[in-house]
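K.L.:
Got a structure here, written out as structure tokens. Questions coming.
Nothing in this text is a laboratory measurement; each read-out follows from the coordinates by a stated rule. Keep in mind that this is a model prediction, so the values were computed, not measured. Here the Cβ is made from the backbone with ideal geometry for all residues, glycine too, and neighbour counts use every protein chain on show.
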Amino acid sequence: MKDGVIADYRVTEAMLKYFINKVTGKVRFFKPEIMISIPAGVTSTERRAVIDAAVKAGAKSAYVVKEPLLAAIGAGIPIHNAQGNMIINIGGGTSEIAVISLGGVVAAHSARVGGNKFDQAISDYIKRKYGLAVGDRTAEDIKKEIGSAIAQVKEDHMDVRGRDLMGGLPKTVKISSNEVTEALQDELREVINAIKKVFQETPPELAADIMDKGMILSGGGALLRNLDQLITKTIGVPCYVADDPLFCVIKGIGIALDNLDVYKRTITLAK
């Protein structure tokens, strides 16, 4: 998977088959029905590829649901209300921003930027500034330990180990939290622009609802320190981090599967 869609069909099918086997066992007495979240902005071809991979992997049928809807359900947002709600779900490959009302997506935008791009931006910054090559895991650790979406008056620091690009030997440098903020500027700007784009497409009445209630931030990217404050400051609308933001989508899948009758208008069933 890459940017929320299938990059390698065979690998995706094998992964789904592995998880289905874990649930049913290798000797299958039944084919399970499964639910898969997809980015709001996927093409019909990308959507069809996900369904085909699931069925070939051994699923009886596949429920395909737009990721922002599942994130909203998992975050406790009453998606069937007439009032507008905005969910900002920042995953590993994509950031999904959507306005939801009456059980459906009114306006949405999918930006192909997320936690993975954050990590890559940090790695590239360190390479440019210090001539130090660091791996994805190290970049992620930096993001988690001292990363911040807003520059801090009192900076945090972290010793970072990697390979010196000039000499090829191990090297350690000290990185500050404000350097991480600087490294993430372009990626954070993409997220902010995506939010602005959705607001521009939102009916005035629903936009007023969101201004009153605020926006909900979910996904692993929501764990970046002060990201909610950056969004609030830049957009001018309160932004709140959901409870357990990392698990909102999977919680939403569980709730939707347990209440298919309630969410049937939200779900697309493909066999």
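K.L.:
Enter the angle in degrees (range 0 to 90, nearest 10) between the Cα long axis of helix 44-56 and the first principal axis of the Cα atoms of the chain, meaning the one along which they spread out most.
P.N.:
70
K.L.:
Kindly write out, for region 146-162 in residue order, the coupling ³J(HN,Hα) from the Karplus curve 6.51 cos²θ - 1.76 cosθ + 1.60 (θ = phi - 60°), rounded to whole Hz, with x marking Gly and Pro.
P.N.:
Karplus values, whole Hz, x for Gly and Pro: 10, x, 8, 7, 10, 4, 9, 5, 9, 7, 9, 10, 8, 7, 10, 9, x.
K.L.:
Turning to a different aspect of this structure: How large is ³J(HN,Hα) for each residue in region 234-250, as worked out from phi by the Karplus curve 6.51 cos²θ - 1.76 cosθ + 1.60 (θ = phi - 60°), to whole Hz, x for Gly and Pro?
P.N.:
With coefficients 6.51, -1.76 and 1.60, one gets 7, 8, x, 10, x, 10, 10, 7, 5, 5, 6, x, 5, 10, 4, 5, 5 Hz.
K.L.:
Test of understanding: extend the Cα→C-beta vector of LEU165 to 7 Å, then name every residue of region 112-127 with backbone N under 15 Å from that spot.
P.N.:
Only 120-127 fall inside the zone, counting backbone N under 15 Å.
K.L.:
Taking the Cα centre of each part, how many Å lie between region 65-93 and region 205-251?
P.N.:
Measuring centre to centre over Cα atoms gives 11 Å.
K.L.:
Please go through the residue pairs LYS197/LYS233; LYS66/LYS251; LYS66/LYS143 and name each one whose alpha carbons sit more than 24 Å apart in this structure.
P.N.:
Pairs exceeding 24 Å: LYS66/LYS143.
K.L.:
Taking the Cα-to-Cβ direction at ARG137 and at HIS80 and moving 7 Å from each Cα, how far apart do the two end points lie in nm?
P.N.:
4.6
K.L.:
About the Cα centre of region 115-183, what is the dipole size in debye to 20, counting +1 per Lys and Arg Cβ and -1 per Asp and Glu Cβ, all else neutral? Please list the in-between numbers first.
P.N.:
Details: 12 positive and 12 negative charges, 37 e Å.
Result for region 115-183 is approximately 180 debye, rounded to the nearest 20.
K.L.:
Would you calculate a helix-derived [θ] at 222 nm for the chain, using -39,500 (n - 2.57) for each DSSP H run of n ≥ 4 and dividing by the full residue count, to the nearest 500?
P.N.:
Roughly -13500 deg cm²/dmol at 222 nm, from the helical runs in the chain.
K.L.:
Please get the size of the charge dipole for the chain, origin at its Cα centre, with Cβ charges of +1 on Lys and Arg and -1 on Asp and Glu, quoted in debye to the nearest 20. Don't jump to the answer; show the numbers that get you there.
P.N.:
Working: 35 positive and 32 negative charges, 203 e Å.
Charge dipole, the chain, about its Cα centre: 980 debye, nearest 20.
K.L.:
Here's another thing I want to ask about it. Where does region 115-183 land on Rg(C-alpha)/(2.2 N^0.38 Å)? It would help to have the intermediate numbers written out before the result.
P.N.:
Values: Rg = 11.3 Å, N = 69, 2.2 N^0.38 = 11.0 Å.
That ratio works out to 1.02.
K.L.:
Still on this model: What per residue convex hull volume, in Å³, do the alpha-carbon atoms of region 133-271 yield? Can you show the working numbers first?
P.N.:
Values: hull volume 25.1 nm³, N = 139.
Measuring per residue, one finds 181 Å³ for the Cα hull of region 133-271.
K.L.:
When the Karplus curve 6.51 cos²θ - 1.76 cosθ + 1.60 is applied with θ = phi - 60°, which whole-Hz ³J(HN,Hα) does each residue of region 200-209 get, with x for Gly and Pro?
P.N.:
Values per residue, Gly and Pro as x: 5, 9, 8, x, x, 5, 6, 4, 5, 4 Hz.
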